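**Q** First the structure, then my questions, so here it is.
The numbers here are math on the coordinates, done by the rules we state, and not lab data. Just so you know, these numbers come straight off a predicted model, no measurement behind them. Counting neighbours? That spans all protein chains shown, and the Cβs are built from the backbone with ideal geometry, glycine included.
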Amino acid sequence: MGSRVGVMGAGYVGLTSAACLAHLGHHVVCVDNDVAKVEQLCAGTVSIVEPRLPELVREGLAEHRLGFTADPTALRECEVVLLCLPTPMSPDGTADLSVLEQALHTLSTILSPDCVLVTKSTVPVGTAARIPAMSGSAGLTVVSNPEFLREGHAVEDFLRPDRIVVGAEPPDRDAADRVAALYAETGAPVLRSDPASAELAKYASNAFLAVKLSFVNTMAELCEQVGADIGTVTTAMGMDDRIGPAFLAPGPGWGGSCLPKDTRALLRTAEAAGVDFALVRDALRANDHQHALVMRKIRRAVTGAVDGSLSGSRIGVLGLAFKAGTGDLRESPAVAVARQLCRHDATVTAYDPCVPESDCPDLGIRVVDDPYLAAKDADALVILTEWPEFRSLDWPKLETCVDQPVIVDTRNLLDDRVLTGTGFTLLGTGTAR
Ligand code: UGA
């Protein structure tokens, strides 16, 4: 017998949680104040790119275990309510909790006294402890249960998580049990903690991944200087169980809606606590430097010199999303590089299988729906997102489209086999060439 669960927010975290919890046998109502989105969801239409999510939404609707509404009073009967609301970055790098505060205000008059409120989206350490006061309901029970979902793998990560973290104060043990029970079907290990540790665990995980990536990107730069190969270096590193092979691929920098926001927020938290987290600060700095390195390489590809002028050049960009498997442009390193190219008076034409022109109105670049059009008359092609399908493009045909057959491959997606029979020069990342 499943629980009656409410989910506040139908973004990628809220919608995935709602659909997956319904799939696990719970009765779920998901509330979002965007009426048009609610209507679409009620009709089984999912607008975000997330594998299996549309199927699970339709399954939940058909089996009457999942519903959507814009009316928060629908949460009145819920035993558990998950808060899956955006906590964007304020201009000073701290997390903006205004959406959460507003929701708490609404919920305080609706929730039943024994309802457990769960913070699921990433919130600064100490938020769970502050929520009763923020909502004006001193008796509210709040449990921290951070999400660790990757965009593009959210359903898989929800149904087969590495771990479930449940943070509650000791007197709220029953509430923690109720939250842990939501995931019983997944068989995942449950780590019980206090709320502050659970909240910090989320920031620690994302910041650690960011540090790992900046380490690899800087190591790739070093490889280029000393004639070593980053692929070999990271393979050797990854074979050490203590390091592991994941998150060792160099690129144009790390981005997305989470890693940049959460590393900056963690830095602000550390500063406020009087802790100098120089390592995280340097990881952010290295990430900005990574965009500059890509620009140097593009200059070299186009002009033969790392400080050559790009003015009047044509650059064909392959990939705009912050990673493959999504159309998300938030804090995308590809977008950062495209903007810099425009600033240096290059003409940029870009293709991304998941990004239509309408998503980039003020980017200052032309977005096309055909990779061969993006390559037309280009002085260099630049791969910025690791879409696997770029490997199987017709590279001999692309060679006939470009002006200069040179590729800057920031993701090391291509190799000589892919380019066999073409005259392309390949400038990889962290390789001697
Ligand atoms: C990240 C975390 O991985 C999730 O665990 C977390 O739940 C999520 O943030 C969140 O806080 O909600 P996501 O933003 O989907 O997930 O993106 P990642 O898959 O972590 O990729 C982040 C960036 O690192 C991308 O720009 C990607 O291209 C880059 N990356 C990743 C590399 O450059 N190399 C790699 O080897 C891996």
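**Q** How big is the shadow of the Cα convex hull of the chain, averaged over all directions, in nm²?
**A** Averaged projected area of the chain's Cα convex hull equals 21.9 nm².
**Q** How big, in percent, is the set of alpha carbon pairs in region 3-61 lying more than 18 Å apart?
**A** Details: 344 of 1711 pairs.
Roughly 20 percent, rounded to a whole number.
**Q** At q = 0.11, 0.15 Å⁻¹, what is the log10 ratio I(q)/I(0) for region 229-433, with the Debye formula run over Cα points and no solvent?
**A** -0.53, -0.95
**Q** Express the relative contact order of region 229-433 as a whole percentage, based on alpha carbon pairs under 8 Å and six or more residues apart in sequence.
**A** So the answer I get is 21 percent.
**Q** Going by C-beta contacts inside 10 Å, put Lys323, Lys202 in order with the fewest on the left. Mind showing how you got there, number by number?
**A** On the way: Lys323 21, Lys202 24.
The most exposed by this proxy come first: Lys323, Lys202.
**Q** Rounded to the nearest 500 deg cm²/dmol, what is the calculated helix-only ellipticity per residue at 222 nm for the chain, with -39500 (n - 2.57) per DSSP H run of length n ≥ 4?
**A** So the helix-based figure for the chain works out to -12000 deg cm²/dmol.
**Q** Hey, what did the chain get for relative contact order, percent, Cα under 8 Å, at least 6 apart?
**A** Values: 883 pairs, mean separation 49.9, N = 433.
Answer for the chain is 12 percent.
**Q** Report the per residue volume, in Å³, of the convex hull enclosing the C-alpha atoms of region 127-263.
**A** Hull volume normalised by residue count: 131 Å³.
**Q** Treat region 4-193 as a sphere of radius equal to its Kirkwood radius over Cα pairs and apply Stokes-Einstein at 10 °C in a medium of 1.306 mPa s; give the translational diffusion coefficient in µm²/s, rounded to a whole number.
**A** 96 µm²/s
**Q** Let me ask something else. Order of Tyr183, Tyr12 from fewest to most other C-beta atoms within 10 Å?
**A** In order of increasing Cβ crowding within 10 Å: Tyr183, Tyr12.
**Q** Tally Lys/Arg at +1 and Asp/Glu at -1 over every other residue whose Cβ is under 15 Å from the Cβ of Glu357; what's the total?
**A** -4
**Q** Based on the Cβ-Cβ distance from Ala188 to Glu399, what FRET efficiency comes out when R0 is 51 Å, to the nearest 0.05? Don't skip to the answer; put the middle values down first.
**A** On the way: r = 49 Å, r/R0 = 0.95.
Once the sixth-power term is evaluated, E becomes 0.55.
**Q** Taking the alpha-carbon distance from Lys376 and a cut-off under 16 Å, which aspartates and glutamates remain once sequence neighbours fewer than 8 residues away in the same chain are dropped?
**A** The reachable aspartates and glutamates, counting only those whose Cα sits under 16 Å from Lys376, are Asp352, Asp394, Glu399, Asp403.
**Q** Can you tell me which of Leu413, Leu320, Leu384 moves the most in a GNM of the chain? Springs connect C-alpha atoms under 10 Å apart.
**A** Leu413
**Q** While we're here: May I ask you to list the GluC sites (Glu not before Pro) in region 1-74 that are in a DSSP loop and have at most 12 other Cβ atoms within 10 Å of their Cβ?
**A** Glu63
**Q** For a quick check: with amide H placed at 1.01 Å from N, whose amide H comes under 5 Å from Ile383's, ignoring anything fewer than 5 positions away on the same chain?
**A** Leu318, Val408, Asp409, Thr410
**Q** Let me ask something additional. Where does region 133-213 land on Rg/Rh, using Cα atoms and the Kirkwood Rh?
**A** Using only Cα positions, Rg/Rh for region 133-213 is 1.01.
**Q** Report, ordered by chain and residue number, the lysines lying within cross-link reach of Lys120, taken as a straight Cα distance under 29 Å and ignoring same-chain residues fewer than 8 apart.
**A** The qualifying lysines are Lys37, Lys202, Lys212, Lys261, Lys323.
**Q** What do you get for the angle between helix 259-272 and the principal long axis of the chain? Use alpha-carbon atoms, 0 to 90 degrees, nearest ten.
**A** For 259-272 against the chain, the angle is about 60 degrees.
**Q** Moving on to the next point. Provide the gained length on full extension for the span Arg76 to Glu59, in nm with one decimal, where the gain is 0.36 nm per separating residue minus the Cα-Cα distance.
**A** Values: separation 17, 0.36 × 17 = 6.12 nm, distance 2.40 nm.
Residue separation times 0.36 nm, minus the Cα-Cα distance, leaves 3.7 nm.
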